[in-house]
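Worksheet for the structure shown next.
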Amino acid sequence: MKSQALAFRQIEWWIVTSAILTSFIFILFGYQPRSYNDSGQEIFKFTSRLIILASLYGAFHLIHMVLIPKLQIETKKWPSIVWIIVIGLTSFAVSAIFGYNANLIKAPFPAFYLGTAVLYICFLLGTHVLIQALTPPKVRDFQLYNISRLIFIYLFIFLFLLQLNPIVSNGPSIIFGLFIPVIFIASLYNFFLVYGKRKQGLIKQSRWYNWGLMALLLLGFIIISAEANQEEIFFIGGLGTVTFIQLLFFPLTSLVFKKYDSYIGQITSLSTQVNQGSANLSFLKSQINPHFLFNALNTLYGSALTENAEKTSDGIQKLGDMMRFMLHENLQDKISIKREIEYLQNYLDIQLLRFGKEPNLELSIQIQEDFCEGEIAPMMLIPFIENAFKHGISTKNKSWIKINLRCLKGSIHLDVVNSVHPKKATEDPKDESGIGLDNVRKRLDLLYPNAHSLTIVGNDSEHFVHFSLQLK
């Protein structure tokens, strides 16, 4: 409702159609002649009511749903304007002829038709003003516009039905002017104060709002019956209304609200799954870094030339385990926390092969696994450490990386501190946050809302990350 305008032309058509159908029903049941004792004039009057109502609805449909949309998109306006005038005059003639000859109006000129035409023109002008004043960029979103136009449509329909009272009766205008607003207000009362409080677990408040409303209704009917000195108003009207609300209206509307909540919940769940899948896919793409893999393979190749095959084979095995993890376990929703730490250790071992002999690098790695139990979404820890190795090592300047991973009962905590060095001329200036950090934040918000803490602080010489996660 906020992001875009509603399909108001279709909404207006459905509302007007509902009002016309209601009017037809009132004519059929309120003025239907009995051929065995009614005169021909009564039958003609009944038929004239239906014909006038049908001509008004036909004119509305052709003008509102066919000609006005064509008028808005076509370059030649005059054919549509001519047809609008022809249809309007035809509908006017039908209303005048049948209304006057059936004694529904007192003069050949149907004033109700003129009022209806003026009302429709004012409606079109009013909607144009709403579009100009309450749509972006004049306002932030479409919410105010949508609400205002729905109210405007309702007022138009109510006034339109008042214009039709000489032809139909005052029944449809009473329904749209009294019963529908009462039903709407009662539904909102149930949604927010009775059903809504019960959904939040506030049972006592829900009961207070429920029975408080019933008490006010009964009190109102008691006053009315006392003023009119008619007890049946209280017993029939008051008790009947309360019984209807408690046994029929509130249960039915609550059932509709439950279906609505279920529908919204399914949409939210599907949206979350789509967002999670998109984040996981982007994260997987960002983690499979070909530069890291090529560097690791080059390091292992150099080790094979200068050292024993045992060390090289061990490095190759660790790299193979990491690649299998990235291709298989990384696609699962949850994995063992020990398996996540095992992947992390394999990554650190390979990085030690690359940088373990760097004279300017100080490495401090502390991993405590004593209380590491439970499951975690894969690849939650590695981005912070990979970011430290990417940005924290310089072959010319003093560098340091300090990693402290520990588990407490039901939670895991990671602290990473690394040195910061001036960017290389060939380094992409957009690549500032490291591999996958943005995706980690998105995944944390989706998978662990209100169950994680992430603090990232940096200056010109050092970068610090503190990450805590409540394990489920």
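Cα-Cα pairs above 36 Å in the chain: how many percent? Don't skip to the end; give the middle numbers.
Numbers: 66179 of 111156 pairs.
Looking at the chain, the distances longer than 36 Å represent 60 percent of pairs.
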With respect to the cross-link table entries K204/K259; K197/K258; K338/K402; K334/K390; K402/K423; K318/K338, which display a Cα-Cα separation exceeding 19 Å? K204/K259; K338/K402; K334/K390; K402/K423
Test of understanding: what is the full-extension gain from A107 to D370, defined as 0.36 nm times their sequence separation minus their Cα-Cα distance? 85.0 nm
Treat every Asp and Glu Cβ in the chain as -1 and every Lys and Arg Cβ as +1, leave all other atoms uncharged, and give the resulting dipole magnitude about the Cα centre to the nearest 20 debye. 1160 debye
Compute the length gained on full extension between L252 and I223: take 0.36 nm times their separation in residues and subtract their Cα-Cα distance, giving the result in nm to one decimal. 7.5 nm
As I understand it, the dipole of the chain uses +1 on the Cβ of Lys and Arg and -1 on the Cβ of Asp and Glu, about the Cα centre. Which of Q345, Q41, A226 lies farthest toward its positive end? Q41
Can you give the Rg/Rh ratio of the stretch 1-154, where Rg is from the C-alpha atoms and Rh is the Kirkwood radius? 1.07
Name the trypsin sites (Lys or Arg not before Pro) in the stretch 39-78 that are in a loop by DSSP and that have at most 11 other C-beta atoms within 10 Å, would you? K76, K77
Across all Cα atoms of the stretch 126-217, Rg and the largest Cα-Cα distance (Dmax), in Å, are 18.5, 52
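Scan the chain and note any complete DSSP helix (H) whose C-alpha atoms cover at least 18 Å along its axis and whose Kyte-Doolittle average is -0.5 or more. Don't skip to the answer; put the middle values down first.
Details: long enough: 8-30 (32 Å, 1.33); 40-60 (30 Å, 0.81); 78-101 (34 Å, 1.50); 111-134 (34 Å, 1.76); 143-163 (30 Å, 1.60); 203-228 (38 Å, 0.87); 250-287 (53 Å, -0.06); 290-306 (24 Å, 0.51); 309-327 (27 Å, -0.33); 337-355 (27 Å, -0.26).
Qualifying helices, which must be both long enough and hydrophobic enough, are 8-30, 40-60, 78-101, 111-134, 143-163, 203-228, 250-287, 290-306, 309-327, 337-355.
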With +1 at each Lys and Arg Cβ and -1 at each Asp and Glu Cβ, the charge dipole magnitude of the stretch 43-149 around its Cα centre, to the nearest 20 debye, comes out at 40 debye
Around F152, what is the net charge, scoring Lys/Arg as +1 and Asp/Glu as -1 over all other residues with Cβ under 15 Å from its Cβ? +1
Accessible surface, per residue, of the chain when the full set of protein chains is kept, probe 1.4 Å, Å²: 59 Å²
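Carbon and sulfur atoms: what percent of the 1.4 Å accessible area of the chain do they account for? Can you show the working numbers first?
Values: 17650 of 27840 Å².
Here carbon and sulfur together make up 63 percent of the probe-accessible area.
Suppose R0 equals 41 Å. What FRET efficiency, 1/(1 + (r/R0)^6) with r the Cβ-Cβ distance, do L150 and L202 give to the nearest 0.05?
0.85
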Once the dipole of the chain is set up from charges on Cβ (+1 Lys and Arg, -1 Asp and Glu), the residue from the list I81, G237, N330 lying farthest towards its positive end is I81
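Given axes a ≥ b ≥ c from the Cα gyration tensor, I'd like to know whether the stretch 146-284 is rounded (a/c under 1.5), prolate (a/b larger than b/c) or oblate.
Working: a/c = 3.76, a/b = 1.57, b/c = 2.39.
Verdict is oblate for the stretch 146-284.
The values are calculated or read from the model by the stated rules, or taken from the named source; none is laboratory data. Model, not experiment: these values are computed from the prediction. Quick reminder, even Gly has a Cβ in these numbers, built from the backbone with ideal geometry, and neighbours come from all protein chains shown. Note: areas computed on protein heavy atoms with side chains; ligands, DNA, RNA excluded. Shrake-Rupley method; radii C 1.70, N 1.55, O 1.52, S 1.80 Å.
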